Each structure stands twice: as C-alpha cells, then as structure tokens.
Amino acid sequence: MSSKGVGDVLDNFLYEAQKILMHYEVPQAMAVNATPKAGVGYACTEAPRGTLWHRYEIDENGLIVSARIEEDIRLEILYSILIIYGWRKEIVSNFLRQLMC
C-alpha cells in the first residue's frame with residue numbers, strides 16, 4: 001500500500017477546485033424572498049477551538065431580538081435547564097460567568 005505525499009494531496013485538491021470552478025453557474029437570483037415571522041432558531045457549528053452553539057430569537061418583523069453564541073454546548077444546556085427549573089436569568093448568567101473564570 002502506498003501513501004500519498006503532500007504533492008499528491010495538493011494536486012488532487014487543485015484538480016477538484018478547478019472542476020468546481022469550471023462547472024459553476026451564477027444563480028439568477030442572489031437571494032430568495034422570505035416573509036419574516038417570529039421564532040427561535042438553533043444551530044451548531046464546528047470551529048478550530050471547538051463546537052459553537054448558536055441560538056437566535058427573531059421578532060415578527062424578522063429582527064433579531066436576542067442572540068447567544070456559546071463556546072461550550074454543555075454550558076448552554078446547563079443554562080437552559082436552570083431557566084426551566086425557575087432560576088432567574090441574571091442569577092444563571094452570573095453563575096455561569098463564575099464557572100468560566
């Protein structure tokens with residue numbers, strides 16, 4: 001079994017990138033029309049320093065009412081559990097701030 005060298009990997013990367021660019025077609029519309037509505041959205045993304053947990057609350061006009069980006073998903077889960085069990089948000093926030101120091 002032979003292993004690929006850095007040059008082979010780079011060649012493959014450049015070949016695939018070239019294929020993508022050669023077959024790319026500019027879309028007719030750069031965005032889609034959407035009707036805003038109130039709601040809450042969650043997302044989880046991977047970053048170099050670890051998993052990031054996103055939470056966004058949107059009002060009926062499509063404006064962001066609140067946003068949280070948590071570096072440690074465990075803290076976000078703990079935050080949610082404490083709020084569910086009746087802890088006040090400012091107490092929970094202070095508690096978690098102390099945990100992170």
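Only loop residues by DSSP count here, and only those with at most 13 other Cβ atoms within 10 Å; note down the chymotrypsin sites (Phe, Trp or Tyr not before Pro) in the range 1-84 that meet that.
Loop-located and lightly packed - Y24.
Using r as the Cβ-Cβ distance of R97 and D59, and R0 as 30 Å, what FRET efficiency do you calculate, to the nearest 0.05? All intermediate terms of the calculation are to be shown ahead of the outcome.
Numbers: r = 27 Å, r/R0 = 0.89.
Efficiency, from the Cβ-Cβ distance: 0.65.
Taking only Cα atoms and a 10 Å spring cutoff, compute GNM fluctuations for the chain and point out the largest among L78, L63, L21.
L21
Rounded to the nearest 500, what is the chain's calculated 222 nm mean residue ellipticity when only DSSP H runs of at least 4 contribute -39500 (n - 2.57) each, over all residues?
Calculated at 222 nm, the ellipticity per residue is -13500 deg cm²/dmol.
How long are the three semi-axes of the equivalent ellipsoid of the chain, in whole Å, if each is the root of 5 times an eigenvalue of the C-alpha gyration tensor, listed from largest down? Intermediate results must be reported in sequence, preceding the final value.
Working: eigenvalues 329, 134, 15 Å².
Working through the eigenvalues yields semi-axes of 41, 26, 9 Å.
Suppose the Debye formula is applied to equal point scatterers at every Cα of the range 12-58; what is log10 I(q)/I(0) at q = 0.13, 0.22, 0.25, 0.27 Å⁻¹?
Here log10 of I(q) over I(0) equals -0.70, -0.86, -0.87, -0.91.
When the chain is modelled as a GNM with alpha-carbon springs shorter than 10 Å, which of R88, R55, R68 fluctuates the most?
R88
Of A29, A43, A17, which has the largest mean-square fluctuation in a 10 Å C-alpha GNM of the chain?
Looking only at A29, A43, A17, the biggest GNM fluctuation is shown by A17.
Where nothing but the Cβ of Lys and Arg (+1) and of Asp and Glu (-1) is charged, how large is the charge dipole of the range 35-79 around its Cα centre, in debye to the nearest 20?
Result for the range 35-79 is approximately 40 debye, rounded to the nearest 20.
Readers should treat all values here as calculations from the given coordinates under stated rules, not as data from a laboratory. Here the structure is a predicted model, which means the values were calculated and not measured. A quick note on method: Cβ atoms are made from the backbone with ideal geometry, for glycine too, and the neighbour counts reach across all protein chains shown.
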